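First comes the structure, then the notes that go with it.
The values are calculated or read from the model by the stated rules, or taken from the named source; none is laboratory data. Quick caveat, the model's predicted, so the values are computed rather than measured. When we count neighbours, we look across all protein chains shown, and the Cβ atoms used for this are built from the backbone with ideal geometry, even at glycine. The protein model used for the area step is the full one, side chains on, heavy atoms only, and it has no ligands, DNA or RNA in it. Shrake-Rupley method; radii C 1.70, N 1.55, O 1.52, S 1.80 Å.
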Amino acid sequence: MDDEEKRREQQDDELINGAFQQLLDSYLASRHRKKVDLITKAFNFARQAHKGVRRLSGEPYIMHPIAVAQIACSEIGLGSTSICSALLHDVVEDTDYTVEDIENIFGPKIAQIVDGLTKISGGIFGEQASAQAENFKKLLLTMSDDIRVILIKIADRLHNMRTLDSQPANKQYKIAGETLYIYAPLAHRLGLYKIKSELENLSFRFEHPEEYASIEQKLALTQATRHELFDQFTQPIEDALRQMGIKYEIKERVKTPYSIWQKMQNKHVTFEEIYDILAVRIIFTPRSREEEVNECFNIYVAISKIYKSHPDRLRDWLNHPKTNGYQALHVTLMSKQGHWIEVQIRSDRMDEIAEQGFAAHWKYKEGEEEEEYTEDEAELNEWLRTIKEILDDPQPDAMDFLDAIKLNLFASEIFVFTPKGEIKTMPAGCTALDFAFSIHTFLGSHCIGAKVNHKLVPLSHKLQSGDQVEILTSKAQHVEPAWINFVSTAKAKGKIAAILRRDNREVQKTGEEVLTAWLKKNDKEYSLTVADQLAEYHDYKHRDDFLQALGEKTVLLGEKDLDELNGKNKKKSSSTSGGGWRKYVPFVKAKKQEEQPQEADLFVVPEKFNRKKPIYINEDNIRQYLFPTCCHPIPGDDALGYITNKNQIEIHKRTCPVAAKLKSGFGNRILDVKWDMHKKLYFIATIRLGGIDRVGLLNEITQVISSQMNVNIRNLNITCEDGLFDGTLELRVHDRENVREVMKGLKQVTDLKEISEIL
């Protein structure tokens with residue numbers, strides 16, 4: 001071994017030993033029983049197993065398991081069993097050791113968790129990991145055996161996101177997309193607020209680097225003003241708390257770049273127009289556990305005497321904690337500077353649970369076995385039970401399944417009462433039918449209506465917090481296909497879909513018989529490939545839907561179907577993601593006949609295509625790509641490419657809901673896209689306007705756009721009613737910068753109150 005190699009090995013040893021010592025220090029500072037020997041044994045075993053292997057960043061591979069164990073210990077608050085499992089989580093996946101080896105050395109519990117983590121892994125950023133929806137199913141199945149599997153998996157994902165810089169851009173979009181679609185909602189559901197926020201911010205930073213940097217810069221520039229506002233606002237509150245003799249800490253909470261950006265997108269406002277960037281958190285030490293709820297309300301009463309509170313913005317999560325364990329009292333107060341500021345009041349115990357989620361509950365269990373999961377986590381068990389029910393009868397399409405689970409991950413909550421006065425927690429926006437299914441499948445499937453606060457309402461009636469609900473049933477009632485359109489909970493959607501599928505199987509069987517007979521008559525044999533080909537030809541996403549249509553006689557087979565099977569039909573452009581769109585040309589040209597590119601013009605991805613390199617879209621090659629109608633990307637938008645089943649490339653905005661699913665379900669088909677346009681082509685952008693009607697307003701709007709901005713108006717549609725107007729403008733623009741300039745110019749027009757882009 002030469003001197004350079006020795007020096008590098010010595011550096012590696014120092015790095016590894018330093019990281020492990022930090023892990024041990026964090027563990028020894030925790031409240032868990034001290035099993036240092038077991039953790040050291042797991043570290044030495046993993047270090048030996050991964051010896052000589054490096055990550056893409058160049059650091060020794062063992063640094064990743066140590067980092068995951070560090071997150072599990074210090075950021076989630078888990079104990080020795082979880083720390084050992086985190087250290088060993090990639091050993092079975094990436095080395096020759098088996099689960100049996102782990103069990104023999106470390107016992108059945110650690111082996112079970114490592115086995116669960118191995119089942120849902122595809123190697124770090126491995127190609128298999130792109131089938132995330134399937135992995136997610138496995139994750140939930142193993143999670144129902146031991147919640148620590150998912151907590152360690154979230155820690156694993158957090159470290160991967162923190163070290164995502166070393167990955168090529170297309171992998172970054174895939175991993176960031178999965179993180180936003182799956183892991184951030186899961187962390188939220190498990191009450192891991194800090195981790196959820198960091199996962200969202202990291203995803204945002206990799207998917208929209210320029211916008212992230214812009215918000216970070218603006219936060220830095222406004223920091224001094226925020227500090228001043230915070231000091232002025234909290235001074236009288238601190239005086240009041242001291243007089244009450246309360247031991248407290250007041251923290252400044254600043255909205256994360258991701259949540260600011262989300263608000264800017266959803267409300268169509270600028271950074272400067274967001275007023276709730278600052279919030280205040282009062283964390284106090286109660287005199288006793290029994291008194292903490294009363295003390296929260298005493299603090300609320302005291303600060304309400306100083307500042308006027310917003311009547312509609314009081315949120316009591318004290319007596320009815322959120323299903324992820326969150327407890328606090330939220331009140332919004334009017335500051336002397338004229339801004340509404342949210343104040344969150346919570347005890348130190350509530351604060352720890354808010355930051356670390358269910359894991360922190362274990363710390364507050366008296367005299368129990370170290371970090372053993374206890375059955376009295378009622379809300380979590382209820383959620384796991386719901387997931388198990390969905391897993392018992394999963395949707396045929398993995399992405400549909402993912403959507404069903406996602407419905408309940410991020411949902412805010414309401415409290416509903418049964419006729420006997422029992423409280424049920426339901427997602428906001430749920431209907432009477434959702435409530436029926438939440439109690440029992442039989443009740444849901446035979447529900448004909450409900451009495452809400454003793455008044456008769458239909459199945460689709462949306463429930464409000466505090467409603468008392470009585471479900472009305474009839475044995476003659478059967479599940480209707482239309483029900484799935486208005487229920488909002490995963491449980492109800494899953495049960496309705498399962499019942500409809502059972503009902504449909506007979507009809508599908510008839511459809512299959514019809515197809516088999518028709519094929520036999522035309523000297524062809526039935527096969528799944530033939531059924532899929534005809535299903536795609538008739539614009540059905542799933543074969544079963546096509547067979548259903550045949551069984552119901554809504555589709556009749558004829559000569560054109562035979563031509564399709566014989567390859568005589570002209571090919572039509574289709575896609576897995578677009579759901580029935582043909583080809584959309586995003587740019588406007590003078591000659592109409594040039595607007596529709598032919599199938600032959602489209603770029604087809606060759607077999608040895610380098611997916612790590614970005615594709616550059618310019619005026620010469622833009623016709624070679626597909627632009628679905630789901631999101632209308634134009635130059636300047638953060639975009640990505642998706643390789644379709646026909647090896648053609650679709651271009652989506654990175655924020656597009658369809659792209660979000662593609663990143664989670666087909667991650668290894670995602671490409672990085674860069675624009676290389678030179679303001680030669682025109683694209684269509686639509687802006688919505690609203691405001692107070694007056695004489696000359698329309699003239700001012702058109703002046704700003706046509707004269708000052710030199711942009712052509714393609715279409716203008718405005719309606720006026722009761723002194724207010726609402727309208728849409730279709731513009732011919734070169735790129736996103738043009739749109740921003742126009743919107744900035746329009747903001748100078750008096751009486752124009754709402755300006756937003758229609759995507």
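Being free of Cβ contacts under 8 Å to residues at least 40 places away in the same chain, of a type outside the set (Ser, Thr, Tyr), within 30 Å of Thr425 (Cα to Cα) and open to solvent by 50 Å² or more (accessible area, probe 1.4 Å) is a description that does not apply to Ala517.
State yes or no: is Asp735 out of contact with any Phe, Trp or Tyr (no Cβ under 6 Å at 6 or more places or on another chain), open to solvent by less than 30 Å² (accessible area, probe 1.4 Å) and within 21 Å of His268 (Cα to Cα)? So Asp735 passes the test. Residues in segment 663-699 that are within 16 Å of His734 (Cβ to Cβ) and either small (Gly, Ala, Ser) or assigned to a loop (DSSP other than H, G, I, E, B) (or both): 7 in all.
Confirm whether Ser412 is without any contact (Cβ under 8 Å) to a residue 24 or more places away in the chain, small (Gly, Ala, Ser) and out of contact with any helix residue (DSSP H, G or I) (no Cβ under 6 Å at 6 or more places or on another chain). Give the derivation first.
Numbers: without any contact (Cβ under 8 Å) to a residue 24 or more places away in the chain: yes; small (Gly, Ala, Ser): yes; out of contact with any helix residue (DSSP H, G or I) (no Cβ under 6 Å at 6 or more places or on another chain): yes.
The answer is yes for Ser412.
For segment 741-759, filtering for residues that are within 15 Å of Ile713 (Cα to Cα) and among the basic types (Lys, Arg) leaves 0.
Just a yes or no: is a residue in segment 110-117 over 31 Å from the mean Cα position of the chain (by Cα) and either surrounded by 22 or more Cβ atoms within 10 Å (Cβ to Cβ) or outside any helix (DSSP H, G or I) (or both)? Lay out the reasoning, then the answer.
Let us first name the residues in segment 110-117 that are over 31 Å from the mean Cα position of the chain (by Cα), namely none.
No, segment 110-117 contains no residue that is over 31 Å from the mean Cα position of the chain (by Cα) and either surrounded by 22 or more Cβ atoms within 10 Å (Cβ to Cβ) or outside any helix (DSSP H, G or I) (or both).
Reported count of residues in segment 150-170, each being out of contact with any Leu (no Cβ under 8 Å at 6 or more places or on another chain) and not hydrophobic (A, V, I, L, M, F, W, C), is 5.
One residue alone among Glu536, Glu512 is over 35 Å from the mean Cα position of the chain (by Cα), among the charged types (D, E, K, R) and in a helix (DSSP H, G or I), and that residue is Glu512. The residue that is least open to solvent (accessible area, probe 1.4 Å), counting only those in segment 288-340 that are in a loop (DSSP other than H, G, I, E, B) and of a type in the set (Phe, Trp, Tyr), is Tyr307.
With the requirement that a residue be part of a helix (DSSP H, G or I) and loosely packed, with under 14 Cβ neighbours inside 10 Å, what does segment 266-280 give you?
The initial filter retains those residues of segment 266-280 that are part of a helix (DSSP H, G or I), namely 266-267, 271-273.
Of everything in segment 266-280, those that are part of a helix (DSSP H, G or I) and loosely packed, with under 14 Cβ neighbours inside 10 Å turn out to be Asn266, Lys267, Glu272, Glu273.
Does Leu697 satisfy the condition of being surrounded by 15 or more Cβ atoms within 10 Å (Cβ to Cβ) and closer than 16 Å to Ser756 by Cα? Full working, then the answer.
Details: surrounded by 15 or more Cβ atoms within 10 Å (Cβ to Cβ): yes; closer than 16 Å to Ser756 by Cα: no.
Against the criterion (surrounded by 15 or more Cβ atoms within 10 Å (Cβ to Cβ) and closer than 16 Å to Ser756 by Cα), Leu697 does not qualify.
Scanning segment 230-258 for residues being touching a helix residue (DSSP H, G or I) at 6+ places or on another chain (Cβ under 6 Å) and small (Gly, Ala, Ser) gives a total of 1. Between Leu463, Leu384, the distinction of being at pLDDT 80 or above and aliphatic (A, V, I, L, M) belongs to Leu463 only. For segment 409-456, the candidate set comprises residues that are part of a strand (DSSP E or B) and touching a Lys or Arg at 6+ places or on another chain (Cβ under 7 Å); within that set, the residue that is modelled with the lowest pLDDT is Glu413. Just so you know, in segment 471-485 the residues that are open to solvent by 50 Å² or more (accessible area, probe 1.4 Å), in a loop (DSSP other than H, G, I, E, B) and out of contact with any Asp or Glu (no Cβ under 9 Å at 6 or more places or on another chain) include one that is nearest to Thr418 (Cα to Cα), and it is Lys475.
Is it the case that Ser706 is assigned to a helix (DSSP H, G or I) and either open to solvent by less than 70 Å² (accessible area, probe 1.4 Å) or under 21 Å from Glu273 (Cβ atoms) (or both)? Full working, then the answer.
Values: assigned to a helix (DSSP H, G or I): yes; either open to solvent by less than 70 Å² (accessible area, probe 1.4 Å) or under 21 Å from Glu273 (Cβ atoms) (or both): yes.
Yes.
Only one of the numbered conditions (1) open to solvent by 10 Å² or more (accessible area, probe 1.4 Å); (2) at pLDDT 85 or above is not met by Gly58, and that is (2). Would you confirm whether any residue within segment 86-108 is buried (at least 24 other Cβ atoms within 10 Å of the Cβ) and hydroxyl-bearing (Ser, Thr, Tyr)? Scanning segment 86-108, I find no residue that is buried (at least 24 other Cβ atoms within 10 Å of the Cβ) and hydroxyl-bearing (Ser, Thr, Tyr), so the answer is no. Answer yes or no: is there a residue in segment 70-89 that is over 27 Å from Glu198 (Cα atoms) and either outside any loop (DSSP other than H, G, I, E, B) or among the β-branched types (Val, Ile, Thr) (or both). Scanning segment 70-89, I find no residue that is over 27 Å from Glu198 (Cα atoms) and either outside any loop (DSSP other than H, G, I, E, B) or among the β-branched types (Val, Ile, Thr) (or both), so the answer is no.
Among the candidates Arg31, Arg47, Arg8, single out the residue that is open to solvent by 30 Å² or more (accessible area, probe 1.4 Å) and touching a Pro at 6+ places or on another chain (Cβ under 9 Å). Steps first, please.
Working: Arg31 fails: touching a Pro at 6+ places or on another chain (Cβ under 9 Å); Arg8 fails: touching a Pro at 6+ places or on another chain (Cβ under 9 Å).
The unique qualifying residue is Arg47.
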